[in-house]
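See structure below.
The values are calculated or read from the model by the stated rules, or taken from the named source; none is laboratory data. It should be emphasised that the depicted structure is a prediction, and the values quoted were computed from it without experimental measurement. Methodologically, a virtual Cβ is constructed for each residue, glycine included, from the backbone with ideal geometry; neighbour enumeration extends over all protein chains shown.
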């Protein structure tokens, strides 16, 4: 059983650690601090057995589109349904949006498959999207 709650500044160190272990070019703690300030009501952590095991940030853009900015599960907690629960939680919050979008690294076959299993489709490829030169898929699914 996991608990999903709003992120708190005291969670930053663990969120940064999860990111470093989950992505090849991770965001620094200062960037997460900025995200908490920008999206205080849209950034959540998942806890299991009193330990933060993942996080998700999803919000509605000014144009009404839902957007999932970030999601990650600690490597040792993957395969337990935590990502699926976090995605269900955030898409429920974005249910009024006509579409919900996200970016996924084209080389992240596991992640792309995960999103496709949740109803997201690849809309287009964005060459050189990531800082290290990797390309991204823009993926979307119908909201509501």
*If we keep just the residues of the range 1-23 that are assigned to a loop (DSSP other than H, G, I, E, B) and under 15 Å from the mean Cα position of the chain (by Cα), which is surrounded by the fewest Cβ atoms within 10 Å (Cβ to Cβ)?*
23
*Check off (1) farther than 22 Å from residue 131 by Cα; (2) at pLDDT 95 or above; (3) surrounded by 13 or more Cβ atoms within 10 Å (Cβ to Cβ) for residue 65 and give me the number that stays unchecked.*
(2)
*Working only within the range 29-43, note down all residues that are surrounded by fewer than 21 Cβ atoms within 10 Å (Cβ to Cβ) and in contact with a helix residue (DSSP H, G or I) (Cβ under 7 Å, 6 or more places away or on another chain).*
29, 33, 36
*Look at the range 49-60 and say how many of its residues are over 13 Å from residue 83 (Cα atoms) and either crowded, with 17+ Cβ neighbours inside 10 Å or modelled with pLDDT of 95 or more (or both).*
3
*Working carefully through the options 97, 104, 46, find the one that is surrounded by 16 or more Cβ atoms within 10 Å (Cβ to Cβ), part of a loop (DSSP other than H, G, I, E, B) and touching a strand residue (DSSP E or B) at 6+ places or on another chain (Cβ under 6 Å).*
97
_So residue 122, is it buried (at least 21 other Cβ atoms within 10 Å of the Cβ) and in contact with a strand residue (DSSP E or B) (Cβ under 6 Å, 6 or more places away or on another chain)_ = no
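I'd like to verify a number: residues in the range 117-131 that are over 18 Å from residue 58 (Cβ atoms) and outside any loop (DSSP other than H, G, I, E, B), how many?
Of the residues in the range 117-131, the ones over 18 Å from residue 58 (Cβ atoms) are 122, 124-131.
Keeping just the survivors that are outside any loop (DSSP other than H, G, I, E, B) gives 122, 124-126.
Qualifying residue count, the range 117-131: 4.
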_Residue in the range 71-94 that is farthest from residue 12 (Cα to Cα), counting only those that are touching a helix residue (DSSP H, G or I) at 6+ places or on another chain (Cβ under 6 Å) and outside any strand (DSSP E or B)_ = 75
